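Taking it in order: structure first as structure tokens, then the write-up.
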Amino acid sequence: MRLFCLNEDMKFNIITLFPKQTKTMLDFSILKNAQEKDLISIDFHNLRDFGFGKFKQVDDTPYGGGSGMVLKPDVVLPAIESVKKSNPRAKVIALTPKGIRFNQAKAEELAKEKNLILVAGHYEGFDQRILDEVDEQISIGDFVITGGELAAAVVVDAVARLQAGVLADNSAHEESHSLKNDKGERLVEYPQYTRPEVYKDKKVPDVLLSGNHQKIADWREQQSKKTK
């Protein structure tokens, strides 16, 4: 798998009710270094800025009854339009439970984009008229979380690390789900070992100590497992 080298930094825009908290999740370690080197940029846009009234209302009760509150189309869509003014070719993605399942193949697909707008849902979800206007919906799994901020952070992390230079050793092609066998099937990474050679009577496999690179490569291929 090749890394995706762009003429400009990969730009992420996250629309969220909690920009400070979301920024905290993405402002450390590898992603922090990538931003400091201008390999990627991450901008945060406060959905509350587009709310109504004294309390900047962004949601309302659902038509037809039911529990929870629904994000309003006359708040979220203007927020998206505002971000798109300076990012006209950006792909707009809503993080929703009913979206396409996010996996490594989807991360590789999105890594080819130059600009993404990620809209983090909250409360009971989005008014359907919002979802009708986005380019794509993505889900990170069949479970419920409090808001889309965590999902947006997962997408940014997975996509950003595929950009050229983000990982210093360009090791992304050797990781789980990026490895492929000769049939093109994705594999989970082989077992890894480091010092000490023996720990609590458990020893590093002899083949890894042999110095025979072909045997090591064959062993690693045999140990890699196909993903579902």
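What share of all Cα pairs of the chain, in percent, falls into each consecutive 10 Å distance bin?
7, 27, 29, 19, 11, 5, 1, 0
Points 7 angstrom from Cα along the Cβ direction at VAL144 and GLN57: gap in nanometres?
2.5
Please rank ASP218, ASP127, fewest neighbouring Cβ atoms within 10 Å first, as an exposure proxy. List each step's numbers first, then the result.
On the way: ASP218 12, ASP127 20.
Ranked by crowding around the Cβ, least crowded first: ASP218, ASP127.
Amide H neighbours of GLY121 under 5 Å, counting only residues 5+ apart in sequence or on other chains, H built in-plane at 1.01 Å?
When sequence neighbours closer than 5 places are left aside, the close amide H contacts are LEU95, GLY148.
Determine the percent antiparallel among the DSSP beta bridges restricted to segment 10-160, to the nearest 5.
Numbers: 3 of 26 bridges.
Within segment 10-160, antiparallel bridges account for around 10 percent of the total.
Provide the per-residue ³J(HN,Hα) series for segment 143-150, in order, calculated from phi with Karplus coefficients 6.51, -1.76, 1.60 and θ = phi - 60°, each as a whole number of Hz, with x at glycine and proline positions.
For segment 143-150, the Karplus curve yields 7, 10, 10, 5, x, x, 4, 4 Hz.
Highest mean first, how do 100-109, 71-80 rank when packing is the count of other Cβ atoms within 10 Å averaged over residues? Let's see the in-between values first.
On the way: 100-109: 15.4, 71-80: 19.6.
Packing order, densest peptide first, comes out as 71-80, 100-109.
If I model a spin label at ASP38 and LYS23 as a point 7 Å from the Cα along the Cα→Cβ vector, what separation in nanometres do I get?
2.1
Cα gyration tensor of segment 85-134, axes a ≥ b ≥ c as square roots of the eigenvalues: rounded (a/c below 1.5), prolate (a/b > b/c) or oblate?
Oblate is the answer for segment 85-134, as a/c is 1.5 or above yet b/c matches or exceeds a/b.
Collect residues whose amide H, placed 1.01 Å from N in the peptide plane, falls under 5 Å from the amide H of PHE44; neighbours closer than 5 in sequence don't count.
Under 5 Å from the amide H of PHE44: ILE14.
Once you've got the GNM for the chain with C-alpha springs shorter than 10 Å, pick whichever of VAL155, VAL144, VAL166 has the biggest mean-square fluctuation.
Maximum fluctuation in the GNM of the chain, among the listed residues, is at VAL144.
Helix-only estimate, please: 222 nm mean residue ellipticity of the chain, summing -39500 (n - 2.57) across DSSP H runs of length 4 or more and dividing by its residues, to the nearest 500. Don't skip to the end; give the middle numbers.
Details: 7 runs with 63 residues, N = 228.
So the calculated ellipticity at 222 nm is -8000 deg cm²/dmol.
Give me MET25, MET10 sorted ascending by neighbouring Cβ count inside 10 Å, so fewest comes first.
Working: MET25 16, MET10 25.
Ascending Cβ contact count within 10 Å gives the list MET25, MET10.
Coordinate-derived values only; no laboratory data. Since the model is a prediction, treat every value here as computed from it, not as a measurement. In this analysis, Cβ positions are derived from the backbone assuming ideal geometry, glycine residues included, and neighbour counts consider all displayed protein chains.
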